[in-house]
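Below: one structure, written as structure tokens.
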Amino acid sequence: MSDGAFVLHVLGARPNFVKAAPVVRGLGELGVRQGIIHTGQHYDALMSDVFFADLGLPEPIANLGVGSGSHAGQTAALLVGLEEVVLREKPDLVVVYGDVNSTLAAILVCSKLHIPTAHVEAGLRSFDRGMPEEVNRVVTDALSDLLFATSPDALSHLANEGVDPARVHLVGNPMIDSLFSALPLLDPEPVRARLGLPAEYAVATLHRPANVDDPEAARELVDAVLDVSRRIPVVVPLHPRGRERLAAAGLVTGGNLSIVDPLGYVEFLSLVRGAKLVVTDSGGVQEETTMLGVPCLTVRPNTERPITITHGTNRLVTPALLPAAADKALADGSATPSGELPPLWDGAAGPRIAKVIAAWLKGDNLSPASQAVFPQNSSFGAASAVR
Ligand code: UD1
Ligand code: UDP
């Protein structure tokens with residue numbers, strides 16, 4: 001491919017923006033021509049615009065405005081909108097991120113149009129096909145030409161699914177690059193003051209369909225969070241998905257519980273940095289708490305990010321066990337079991353991805369790059385959280 005090759009990034013949802021920013025920056029530094037398509041899957045200012053500002057992402061060249069809908073309705077709108085854009089823009093490579101419906105739709109469209117693709121955050125598996133994200137992960141990885149993995153377990157998942165290892169590159173975690181970039185700005189005090197929180201508090205984020213869509217599950221979860229709030233004040237920057245159902249189940253401001261709008265990236269991570277405890281069902285938050293050394297209780301039966309348990313501060317809990325687990329986490333603090341952080345979560349994943357993409361665009365014959373980009377001294381070495 002020529003030096004003037006054009007790379008298109010397809011982004012749609014909050015976690016996509018955080019993962020893409022370091023890749024866009026890395027490619028920019030190598031002089032690669034690129035543009036962002038925003039699908040509009042997330043559209044509230046606090047779910048979208050604030051991330052472009054906080055992360056320094058360039059303006060998208062188009063916003064498809066697909067909005068919300070059923071899985072079929074949303075995916076159909078994404079397919080139609082993305083096909084049009086890709087035919088118009090004629091990219092040499094399309095880069096997709098994570099596991100959201102925008103990711104899946106972009107991969108399907110490009111595969112049918114024979115446009116090469118790269119998947120950032122390949123190979124994560126919860127082995128729970130009840131999660132919409134797991135379906136998106138499996139399909140996206142099966143169809144991607146370049147696969148960028150954030151943790152070593154992803155390599156064996158991809159190998160087990162028959163993915164050619166020559167297409168897979170273990171590069172570290174761009175979500176952690178974004179965290180490192182923001183670190184000098186992460187001061188809990190202003191946001192704590194704005195939200196009227198005491199010095200010691202917990203943060204909770206909840207949005208997984210399995211937790212918030214079913215009224216019974218929502219009630220069980222809310223009761224558990226209320227129980228935690230009797231031990232330590234809890235602030236919940238609430239994702240729009242759960243708003244009504246969780247409120248109906250009793251998740252309302254009062255006593256030791258504060259329900260607030262979703263926070264911008266810098267404000268949210270500032271709050272997390274100062275927290276004694278995080279309760280979550282988010283994927284990205286499991287990773288960020290690991291790096292910030294904040295105890296994290298993930299209210300899910302499984303995680304596609306087991307490295308945050310073996311090399312981080314994360315624990316899986318059921319709603320019934322959450323209050324006791326919170327007591328223990330508050331007493332124990334944030335010891336990680338191995339005393340080691342995940343390998344290559346060092347703030348340099350974006351440049352590694354950019355280097356592989358730039359070489360691929362030039363038609364360089366890439367060696368099995370999971371070896372090539374894995375520095376000799378990076379394997380599971382002792383490291384301390386960045387808190
Ligand atoms: C999506 C992803 C999920 C990811 C999450 C990150 C899929 C299948 N799911 O879930 O993997 O963890 O994003 O946050 O892609 N809504 C608003 N304003 C917005 C966006 C959404 O009010 O800006 C509300 C709408 O009621 C909508 C609901 O949230 O129906 C769900 O939005 P959607 O993008 O379909 O899925 P998420 O639950 O956000
Ligand atoms: N996040 C944020 N504000 C919030 C909640 C989360 O900025 O109020 C950030 C968080 O730091 C992480 C990303 O959003 O970088 C995770 O997104 P989310 O939990 O929506 O999606 P998931 O990671 O579960 O797919």
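The values are calculated or read from the model by the stated rules, or taken from the named source; none is laboratory data. These figures come from a predicted structure and were not determined experimentally. So basically every Cβ, Gly included, is an ideal-geometry build from the backbone, and we count neighbours across all protein chains shown. To get the accessible areas, we keep the full protein, side chains included, count just its heavy atoms, and leave off ligands, DNA and RNA. Shrake-Rupley method; radii C 1.70, N 1.55, O 1.52, S 1.80 Å.
Conditions tested, residue by residue: (1) buried (at least 21 other Cβ atoms within 10 Å of the Cβ); (2) farther than 17 Å from Lys19 by Cα; (3) away from ligand 1 (no atom under 16 Å from the Cβ).
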{"position": "Gly255", "(1), (2), (3)": "no, yes, yes"}
{"position": "Asp261", "(1), (2), (3)": "no, yes, no"}
{"position": "Val294", "(1), (2), (3)": "yes, yes, yes"}
{"position": "Asp327", "(1), (2), (3)": "no, yes, yes"}
Can you list residue pairs whose Cβ atoms sit under 6 Å apart, with the first residue in the range 53-75 being among the charged types (D, E, K, R) and the second being surrounded by 12 or more Cβ atoms within 10 Å (Cβ to Cβ)? Count only pairs 6 or more apart in sequence or on different chains. Asp54/Gly264; Asp54/Tyr265; Asp54/Val266
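Being at pLDDT 95 or above, of a type outside the set (A, V, I, L, M), open to solvent by 10 Å² or more (accessible area, probe 1.4 Å) and out of contact with any helix residue (DSSP H, G or I) (no Cβ under 7 Å at 6 or more places or on another chain): is that true of Arg230 here?
Considered against the rule, which asks whether it is at pLDDT 95 or above, of a type outside the set (A, V, I, L, M), open to solvent by 10 Å² or more (accessible area, probe 1.4 Å) and out of contact with any helix residue (DSSP H, G or I) (no Cβ under 7 Å at 6 or more places or on another chain), Arg230 comes out as yes.
Which ones in the range 136-152 are in contact (Cβ under 8 Å) with a residue 24 or more places away in the chain and open to solvent by 30 Å² or more (accessible area, probe 1.4 Å)?
Matches in the range 136-152: Val139, Leu143, Asp145, Pro152.
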With the requirement that a residue be within 15 Å of ligand 1 (Cβ to nearest atom) and open to solvent by 10 Å² or more (accessible area, probe 1.4 Å), what does the range 266-282 give you? Phe268, Ser282
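When you scan the range 153-202, how many residues do you find that are open to solvent by less than 40 Å² (accessible area, probe 1.4 Å) and of a type outside the set (S, T, N, Q)? Don't jump to the end; show me each part of the working.
If we filter the range 153-202 for residues that are open to solvent by less than 40 Å² (accessible area, probe 1.4 Å), which is where we start, we get 153-154, 157-158, 163, 168-179, 182-183, 186, 188, 191, 195, 197, 201-202.
If we keep only those that are of a type outside the set (S, T, N, Q) too, we end up with 153-154, 157-158, 163, 168-172, 174-177, 179, 182-183, 186, 188, 191, 195, 197, 201-202.
The number of residues fulfilling the criteria is 24.
Quick grid of which residues meet (1) among the charged types (D, E, K, R); (2) within 16 Å of ligand 1 (Cβ to nearest atom); (3) open to solvent by 10 Å² or more (accessible area, probe 1.4 Å); (4) farther than 23 Å from Leu146 by Cα:
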{"site": "Gly31", "(1), (2), (3), (4)": "no, no, yes, no"}
{"site": "Gly40", "(1), (2), (3), (4)": "no, yes, no, yes"}
{"site": "Leu46", "(1), (2), (3), (4)": "no, yes, yes, yes"}
{"site": "Gln74", "(1), (2), (3), (4)": "no, yes, yes, yes"}
{"site": "Tyr97", "(1), (2), (3), (4)": "no, yes, no, no"}
{"site": "Ala106", "(1), (2), (3), (4)": "no, yes, no, no"}
The listed residue being more than 10 Å from ligand 1 (Cβ to nearest atom) and within 25 Å of Ser181 (Cβ to Cβ), out of Val80, Val23: Val23
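For the range 328-387: of the residues being assigned to a loop (DSSP other than H, G, I, E, B) and modelled with pLDDT under 55, which is farthest from Ala202 (Cα to Cα)?
So in the range 328-387, the residues assigned to a loop (DSSP other than H, G, I, E, B) come out as 333-339, 341-348, 362-368, 373-375, 379-381, 383-387.
Keeping just the survivors that are modelled with pLDDT under 55 gives 368, 373-375, 379-381, 383.
Details: Pro368: 43, Val373: 38, Phe374: 36, Pro375: 37, Ser379: 32, Phe380: 29, Gly381: 30, Ala383: 25 Å.
Filtering first and then ranking leaves Pro368.
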Qualifying helices (runs of 4 or more DSSP H) (wholly inside the range 211-326; at least 3 residues being within 16 Å of ligand 2 (Cβ to nearest atom) and under 24 Å from Ala53 (Cβ atoms)): 265-273, 283-292
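Could you list, in sequence order, the residues of the range 296-313 that are acidic (Asp, Glu) and open to solvent by 20 Å² or more (accessible area, probe 1.4 Å)?
Our first condition is that a residue be acidic (Asp, Glu); within the range 296-313, this holds for 304.
Passing the criteria: none in range.
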Check the range 332-340 and report whether any residue there is under 24 Å from Gly123 (Cα atoms) and not polar (S, T, N, Q). yes
